[in-house]
Protein chains: 2
Amino acid sequence: MIERADRESRLTEADHLSVRVWLRMLSCATLVERRAATRLRQTFATTLPRFDFLAQLERSGNGLRMTEISERMMVTGGNITRIADQLESEGLIARSPAPGDRRASVVQLTPAGEQAFAEMARRHEGWIVEMFGGLDELERRTLYAVLAKLKRHLSATERKR
Amino acid sequence: MIERADRESRLTEADHLSVRVWLRMLSCATLVERRAATRLRQTFATTLPRFDFLAQLERSGNGLRMTEISERMMVTGGNITRIADQLESEGLIARSPAPGDRRASVVQLTPAGEQAFAEMARRHEGWIVEMFGGLDELERRTLYAVLAKLKRHLSATERKR
């Protein structure tokens, strides 16, 4: 989009900076995601959506309904029901009736799922540390703080709509 | 992942910062992408992969082969061939034989495609400016610079592998 920045646009230079920042962020996020996906496939023969599914359960502690998992998944691409069926058949997750709502079910990690996820997460952290190793600690702290502000703005404007 | 930070991990506090930065970046990128996708759908009845496909052609100037488009697409989710078929049937893109390789074809924007994309891109820029409006100019410049360094590190380590 940088290349068409001057074409009949009513945006100012400062505005274009936002677009350049966004394209750079998207490009970084895509590179990190793709590399993590490649390594998950090579190391554990699994996918990023499957990893993310297990991560949401691990973070929740008490299990989640399918709708909650769907809302929390940060990685797209992957049918939630199909992923759940696969993970259940591999014994990594288990479903039980939701308390107070017999039509819904709650999904939880099994002990085998917890163990498998812990190993994946340990390796995944190592890959992320490696990929962000090009930044020194001050740069990482700065990035963290600026992204926090961006996220607050995004959440605040989301609620207003 | 923050929650399991202390579990049998050999990573240091500084390392965990990388994971926190990554999750926050992924979360911001996901929020921006989802909101852009919603608005593209509401305003132009189109999708982010279709928009990204047209954007790659617009940026290339001279058209691209399908394999090049596939490599450059930053947005996943969307079969490239199916998207091309749709856009061609709507008259927004055209295919012609690749010079020097009769088996391959080059995809280009049609004049109608250029016009449609220009309008979409103008609105899309406005949404991005709005979403990044929570940051002041210094913060945007800082973010841009730190992401540039991260991207260089990612590219450099990609080539080594």
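Here, each number is a calculation from the coordinates, and none is a lab measurement. From a predicted model like this one, the values you see are computed outputs, not experimental measurements. For neighbour counting, all protein chains shown are included, and Cβ atoms are generated from backbone atoms with ideal geometry for every residue, glycine included.
Where chain B is carried onto chain A by rotation, the Cβ closest to that axis, with its residue and distance in Å, is B:Ala29, 2.
Note on B:Arg141/A:Arg102: beta-carbon distance plugged into 1/(1 + (r/R0)^6) with R0 of 56 Å gives a FRET efficiency of 0.50. Each Cα pair under 8 Å and six or more residues apart adds its separation to the average, and for the range B:50-96 the resulting relative contact order is 34 percent.
In the protein assembly as shown, Rg over Rh equals 0.98, where Rg is the alpha-carbon radius of gyration and Rh the Kirkwood radius from pairwise Cα distances.
Annotation: amide H of A:Arg65 within the under-5 Å range of A:Val107, sequence separation 5 or more or interchain, hydrogens built in the peptide plane. The range B:99-161 and the range A:19-64 have their alpha-carbon centroids 21 Å apart.
Label-point distances for B:Leu23 to the equivalent site in the other copies, using a point 7 angstrom along Cα→C-beta, read 3.2 nm when ranked shortest first. Counting Cβ atoms of other protein chains within 10 Å of each Cβ in A:117-128 and taking the mean gives 4. So for chain B, what percent of the C-alpha to C-alpha distances run longer than 24 Å? In whole percent, the long-distance tail amounts to 51. Distances between copies of A:Arg59, taken at a point 7 Å out from Cα along the Cα→Cβ vector and listed shortest first: 2.8 nm. With label points set 7 Å from Cα along Cα→Cβ, the inter-copy distances at A:Arg41 are 2.6 nm, sorted shortest first. Around the Cα centre of chain A, unit charges on the Cβ atoms of Lys, Arg, Asp and Glu (plus for the first two, minus for the last two) sum to a dipole of about 420 debye. Put simply, the C-alpha atoms of the range A:75-161 give a gyration tensor, and the ellipsoid matching it has half-axes of 33, 23, 11 Å, longest first. The angle between the Cα long axis of helix A:80-89 and the longest principal axis of the Cα atoms of chain A comes to about 40 degrees, rounded to the nearest 10. At a threshold of 8 angstrom on Cα-Cα distance, excluding pairs fewer than six apart, so keeping six or more, what relative contact order does chain B reach in percent? The value is 18 percent.
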